[in-house]
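Any read-out appearing in this document is the output of simple, stated calculations on the displayed coordinates, not a laboratory observation. Note that the structure is predicted; figures quoted are calculated from it, not measured. As a convention, Cβ positions derive from the backbone with ideal geometry for all residues, glycine included, and neighbour counts pool all protein chains shown.
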Amino acid sequence: MVLGTAFGWHNLTTVVVSIALAFAFGYALTIRPILRAGLALRAAIGVALAADTVSILSMEIIDNTVMLTIPGAMDAGLANWLFWVSLALSFVIAFAVTVPVNKWLIGRGKGHAVVHQYHH
């Protein structure tokens, strides 16, 4: 969101880049410690996909929906309080939705539960 707003990108471009970066960084942050635990790259990617996909997807759907729903938030600019308050609110709402999703997944041995065996 910050990059798209700073560079004056169209809202669709901003959302697409935001989602792509969320998945790239989310997977990378999961893969790195798994690789250090000794898993091969291909296996680590599989674990990251299983662990993070639903979580990141739910976070991004809520986050971007909130930002697009608040009038003017996407076009407010980095110097405008509306952008930052909207972004913070979108994170809070997305977090509140994603935590129960992750809890449900972990309770069924999915999501981040598949990563726990690789943490030392």
Relative contact order (%) - region 12-120, alpha-carbon pairs under 8 angstrom, separation at least six: 32
Of all alpha-carbon pairs in region 2-118, indicate the percentage at a distance above 16 angstrom. 64
Please compute, for the alpha-carbon atoms of region 3-72, the extent along each of the three principal axes and give them in descending order in Å. 47, 23, 14
Say R0 is 35 Å: what FRET efficiency, to the nearest 0.05, do Thr13 and Lys103 get from their beta-carbon distance? 0.55
